[in-house]
Amino acid sequence: MTSGINQDRPPVEAWQAQGIYPFHREAETPVELLERQLFDQVAWLLSRFHAGCRALAPAAVSLQFRLLRQAVECGPEELQSLLTEVLDLPHEERRAVHVRA
């Protein structure tokens, strides 16, 4: 999902080219911008460090990214629930993406 991409920042352009990035327009408000930045960071960590995410077909990654976007937009509790219950992210990896309200 991220091969050949600079590992210092989220590969948003690559995700857009693959058609898996769930945002299709520019952020219009400061809140949207912060949500987008949070999404980018969490998605990047998942794509880099969670073996299950790296092995998925693009359609499955697209679905996970849409779910992740919704969780980010709903708040920290929803994001943690998604990471735990849906993605089955191990405790250590959840700590890496822990979000404080």
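A short reminder: the numbers here are calculations on the coordinates, not readings from a lab. What you see is a predicted model; the values in this text were computed from it and never measured. As a convention, Cβ positions derive from the backbone with ideal geometry for all residues, glycine included, and neighbour counts pool all protein chains shown.
Cut-off is 10 Å between beta-carbons; in what order do THR29, THR84 appear when sorted fewest neighbours first? Please list the in-between numbers first.
Values: THR29 8, THR84 13.
Sorted ascending by nearby Cβ count, the order is THR29, THR84.
In nm, give the distance between the simple-model label positions of GLU92 and GLU73, each being 7 Å from the Cα along the Cα-to-Cβ direction.
Taking the simple label geometry, GLU92 and GLU73 are separated by 3.4 nm.
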